[in-house]
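The numbers here are math on the coordinates, done by the rules we state, and not lab data. Keep in mind that this is a model prediction, so the values were computed, not measured. Every residue, glycine as well, gets a Cβ built from its backbone with ideal geometry; the counts of neighbours run over all protein chains shown.
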Amino acid sequence: MKIRKAAIKDWPAIKKLLCEFPDKLMQKHLPKPSAFFVAIVDGKIVGCCALDVYSKRLAELRSLAVTKKSQGQGIASKLVAVCVAAARKKKIYEVLAISGSEKFFAKHSFHTFHQEKYALLNILG
């Protein structure tokens with residue numbers, strides 16, 4: 001498996017992947033293609049995740065998706081790690097993720113804050 005920055009040519013495959021999941025919010029107001037990283041296996045995009053940078057202080061990890069047949073192989077974890085590393089490189093202080101998968105994100109140092117149910121935060125500084 002290889003993870004790389006998404007290219008414009010990847011946009012149709014990214015949108016197709018996101019459409020595999022019923023979460024309409026994930027499909028609306030997508031980040032720019034340049035915000036995405038993609039996971040590739042055998043020449044096909046099997047996962048994606050975007051780092052949407054809002055300011056020097058805050059970025060959001062968004063649109064994390066892995067094809068159903070590729071789940072359970074650590075692809076999502078690697079995509080999250082790449083996005084967090086990109087945020088660190090940009091010297092971003094906090095990365096936000098809105099998700100119902102608290103246990104998954106806790107493995108990547110994201111924690112709930114202010115008694116939020118779905119908003120998770122990873123303070124990098």
For the chain, what is the calculated [θ] at 222 nm in deg cm²/dmol (nearest 500), taking -39500 (n - 2.57) for each run of four or more DSSP H residues and dividing by its residue count? -7000 deg cm²/dmol
What nm value, rounded to one decimal, do you get for the distance between LYS44 and ALA106 when each label is placed 7 Å out toward the C-beta? 3.4
Which value, in debye to the nearest 20, describes the size of the charge dipole of the chain about its Cα centre when Lys and Arg Cβ atoms bear +1, Asp and Glu Cβ atoms bear -1, and nothing else is charged? 400
Put in order of increasing Cβ neighbours within 10 Å, starting from the fewest, THR112, THR67 give THR112, THR67
Taking neighbour counts of Cβ atoms within 10 Å as a proxy for exposure, in what order, fewest first, do ARG62, ARG57 appear? ARG57, ARG62
For LYS9, put the label point 7 Å out on the Cα→Cβ axis and report which residues of the stretch 43-80 keep their amide N under 16 Å from it. 43-46
Principal semi-axes in Å for the chain [√(5λ), Cα gyration tensor, largest first]: 22, 16, 14
Length released on extending from LEU18 to LYS2, taking residue separation times 0.36 nm less the Cα-Cα span: 3.9 nm
So, in nm, how far is label ILE98 from label HIS29 when the simple model puts each one 7 Å beyond its Cα toward the Cβ? 0.6
